[in-house]
Amino acid sequence: MPMTSFPPGFVWGAATAAYQVEGAAHEGGRTPSIWDTFCRTPGKVHGGDTGDVATDHYHRFREDVRLMSDLGIGAYRFSVSWPRVQPTGRGPASQRGLDFYRRLVDDLLAHGIQPVLTLYHWDLPQELESAGGWPERETARRFADYAHLTGEALGDRVGSWTTLNEPWCSAFLGYAAGVHAPGRTDDAAALRAAHHLSLAHGLGAQALRAVLPRRARISVVLNPNDVRALTTSPGDLDARRRIDALSTRIFTGPMLRGAYPDDLLADTAGITDWSFVRDGDLDVIKHPLDWLGINYYTPSVVSAATDQSPLTWASAYPGLKASPSTSHRAPGPRWTGPSIRPVCTSC
């Protein structure tokens with residue numbers, strides 16, 4: 001597509017996640033994240049690969065920034081490693097950890113590249129997971145503290161901030177399917193995690209507003225799924241509705257409208273009573289956004305199951321199955337969703 005077809009002001013960018021590129025897993029006071037632990041769990045990651053070195057961005061960031069500049073990239077979206085900045089997920093920030101991001105941002109600005117900072121791209125400090133992880137409300141509070149510390153340190157340099165990247169992956173791939181860190185398979189825990197991730201977004205956005213300049217912009221990045229029914233049969237249409245609720249509207253409802261969809265609550269009543277949603281939570285979650293990030297990959301074609309085959313990634317969808325195309329019907333829900341995963345080449 002020729003450059004002239006893009007509107008004035010369009011910015012070409014590049015994006016990474018800390019665990020995918022930084023390496024230096026044991027340097028500067030960084031402690032293990034859930035992905036460090038997951039990658040060392042036999043059978044979880046193809047070849048037993050880890051992010052210990054990755055692309056060595058931690059040591060080679062200046063070279064990487066020069067390459068971005070040579071490519072004409074105008075914005076770089078990167079994530080901060082929570083266990084590098086706040087090694088235990090609690091307490092004061094590590095200045096050694098923050099110094100790396102100060103150097104990175106300064107180099108980006110020197111090359112005319114806009115830094116776009118993501119606070120959470122899935123690398124929860126392992127210590128917080130050991131205390132219960134995202135299914136626990138306390139993790140959302142810890143995230144707000146981390147957001148405050150990072151905002152104070154980098155708010156004078158960074159104008160665009162993202163609280164969470166793809167919380168659906170964190171909640172459902174991490175706590176229901178077990179194919180992402182931390183590798184748990186508990187449907188009720190996944191629903192609690194989804195709520196507490198949304199709460200973390202709201203609390204984190206509040207914390208950022210308190211310390212960032214007024215010109216700063218705050219967002220969240222979601223990966224909404226384009227769910228399509230295989231046929232127009234009532235069963236297939238209901239399958240589309242149910243999966244749309246749990247893949248997209250579970251986040252857009254509270255974040256954009258301040259309420260969970262009624263059909264989602266009814267569909268999941270056999271899994272949880274949603275008593276973990278407390279008074280005032282939805283007001284916090286519906287924090288005004290300056291922009292909404294969308295990661296779009298591919299549609300999913302779904303149909304009502306004719307059997308009760310085990311689900312391939314999340315048993316939160318009983319009685320459903322899905323396929324990546326109308327010519328192939330896989331046993332159990334199969335999603336053709338996020339293709340970028342930290343290190344895990346078999347996911």
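The values are calculated or read from the model by the stated rules, or taken from the named source; none is laboratory data. The structure presented is a predicted model; accordingly, all values stated were derived computationally and were not measured. With ideal geometry, Cβ positions are generated from the backbone for all residues, glycine too; neighbour counts draw on all protein chains shown.
A few comments on the model shown:
- When P310, P288, P331 are screened for being more than 17 Å from the chain's Cα centre (by Cα), modelled with pLDDT of 95 or more and not polar (S, T, N, Q), only P288 passes.
- The residues of the stretch 49-89 that are closer than 23 Å to G133 by Cβ and part of a helix (DSSP H, G or I), listed by number, are W82, P83, R84, V85.
- Restricting the stretch 114-142 to residues that are buried (at least 21 other Cβ atoms within 10 Å of the Cβ) and free of Cβ contacts under 8 Å to residues at least 60 places away in the same chain, the residue that is farthest from V158 (Cα to Cα): L128
- Of all the numbered requirements in (1) without any contact (Cβ under 8 Å) to a residue 24 or more places away in the chain; (2) farther than 27 Å from V45 by Cα; (3) not in a helix (DSSP H, G or I), R228 misses one, and that requirement is (1).
- Within the stretch 39-59, residues that are at negative phi reach partners that are in a loop (DSSP other than H, G, I, E, B) and basic (K, R) with beta carbons closer than 8 Å, at six or more positions or on different chains, in the pairs T50/R40.
- Residues that are polar (S, T, N, Q) and surrounded by fewer than 22 Cβ atoms within 10 Å (Cβ to Cβ) were ranked within the stretch 65-93; the one that is nearest to the chain's Cα centre (by Cα) is T88.
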